[in-house]
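So the structure is just underneath, and the comments pick up after that.
We did not get these values from a lab; they are worked out from the coordinates using the rules stated. No experiment lies behind these values; they were computed from the predicted model shown. Here the Cβ positions follow ideal geometry from the backbone for every residue, glycine too, while neighbour counts run over all protein chains shown.
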Amino acid sequence: MFRSATVSLIHAPLPQCADRGRPFLSQKRNASPPRLPRIPHFGYYGNTMNHYNPSYAPTLGQGFRAGVPIGVGYFPTAMAFGLVCRDIGLSLAQAVTFSLTNFAGSGQFLAVNLIAAKATAAALFLGVLMINLRYMFMGAAIAGRLAEDAIGGKRLPIAFGTTDEVFSVSALRPGKLTFPYMMGLEGIAYAGWVAGTAVGFLVGTILPYAVQRAAAVTIYAMFASLLVQEVKTNRTAILVAGLSAILNSLFVCIAGMPVGWSFVLAMLGGTIFGAWVMPDSDEDGQEKCEEIQPDAKSEALV
Amino acid sequence: MNIWLMIVLSAFATFLPRVVPYYAKFLRKLPRFARKCMLVMPVAALGALLFPGTIVDFSPQWYAGLLGVAVAAALAWWKGTIVLPIIGSVLATWFALTCF
């Protein structure tokens, strides 16, 4: 309050002395009026934000610019998804519909894996739901920072586009998140994901058979590199992943369980173990998200 | 088994956890253990997704998938990207499938 009063006083047009043409408030002759950063007064929020804030009401264009690296990064991963879809016998329309309606990296790879393994619909639903439960946490963090324009039905498209990378980029951005900004950010990521799926599928048709057979490893290569990124920031991750891998192998190869349910059970076992061994150092999960997103280190996550 | 139905189910299972926090406020104050579970779940999923699939998918030549995953992990550790490990891994698997 005090600060805002001072700032607007200084910025008000100062009365001039008739003889010298100099502000009479300045005591010294040659003193120039104090220079302050230009403050946007009439922006998105009217005149309610008085502090200098470069992220003031981010626009659609800013969202696009922030989203370009995500879209470019999604493209090859989505190509891998298109390749995998082709590999297990889905059509181009099915692969693209998958990306159009799901828009989730690990969830889609899991779903395709389970479809290929002839899992039941219930196992697929439960497995995909569980692997996507983390979005609840990310969505709660984004929802708390949305601007006043993102209300009611406008939150539906924002919710649809909530991915790990979108979360980490918007978490790094200071200030409120507006609807146009989120649409720009998520839209470009979505475009990269869907286009990559189609291109990957089509590229798969021109690859020679031997390479196509080898391309089945794409999905595992992706999982392995995701896991390695995780292990780099958090060494307990290898224990958690190792336990769930051993459990799943036992369930499938020795107990002969159906793949979908063994996956769900193994993931649950690994999760409970992981939550149990995870260090308790920092209290609120807000900081913990840095373990998922190593690049999202910011205090901006309010 | 209808693939279209599976796609719709998967879409629903993805959208549900995404949309709930935008309308429900109770999620902002979850018990600590539940929070931890949500954070650690994708890691646990990765382990179960990798094994035994890596070995079973290339059944007679089980070492091919294992080699591919090892190369991917090493490249990811070295470079920290996702494109290079995938390309290197496909090449390594192709090599193992054709040469051994």
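Name the shape class, rounded, prolate or oblate, that the alpha-carbon gyration tensor gives for chain B, where a ≥ b ≥ c are the square roots of its eigenvalues, rounded holds for a/c under 1.5, and otherwise prolate holds if a/b is larger than b/c and oblate otherwise. Taking the square roots of the gyration eigenvalues as a ≥ b ≥ c, chain B is prolate. Computed extension gain for A:Ile238 through A:Thr205, at 0.36 nm per residue and net of the alpha carbon distance, reaches 8.3 nm.
May I ask you to sort A:Thr236, B:Thr14, B:Thr81 by Cβ crowding, counting other Cβ atoms within 10 Å and putting the fewest first?
Numbers: A:Thr236 17, B:Thr14 25, B:Thr81 14.
If I rank by nearby Cβ atoms, fewest first, I get B:Thr81, A:Thr236, B:Thr14.
Rounded to the nearest 0.05, the FRET efficiency derived from the C-beta distance between B:Tyr63 and A:Leu100 at R0 = 30 Å is 0.20.
For region A:121-211, compute Rh as the Kirkwood radius over C-alpha pairs and then the Stokes-Einstein diffusion coefficient at 4 °C and 1.567 mPa s; write the answer in µm²/s, rounded to an integer. Don't jump to the answer; show the numbers that get you there.
Numbers: Rh = 15.2 Å.
D, rounded to a whole number, is 85 µm²/s.
Compared with the direct C-alpha span, the chain from A:Val72 to A:Thr120 gains 13.9 nm at full extension, assuming 0.36 nm per residue.
Rounded, prolate or oblate for region A:175-237? Axes are the square roots of the Cα gyration tensor eigenvalues, ordered a ≥ b ≥ c, and the cut-off for rounded is a/c under 1.5. Since a/c reaches 1.5 but b/c is at least a/b, the shape of region A:175-237 is classed as oblate. Considering only B:Pro85, B:Pro52, B:Pro21, the mean-square fluctuation computed in a Gaussian network model of chain B, springs between alpha carbons under 10 angstrom, is largest for B:Pro21. Multiplying the residue separation of B:Val83 and B:Trp4 by 0.36 nm and removing their Cα-Cα distance gives an extension gain of 25.5 nm. Counting every other Cβ atom within 10 Å of each residue's Cβ, A:Tyr209, B:Tyr63, B:Tyr22 order from fewest to most as A:Tyr209, B:Tyr63, B:Tyr22.
Once the C-beta distance of A:Leu250 and A:Ile151 is scaled by a Förster radius of 51 Å, the resulting FRET efficiency is 0.55 to the nearest 0.05. Sorting B:Cys37, A:Cys85, B:Cys99, A:Cys253 from the fewest to the most surrounding beta carbons within 10 angstrom yields B:Cys99, A:Cys253, B:Cys37, A:Cys85.
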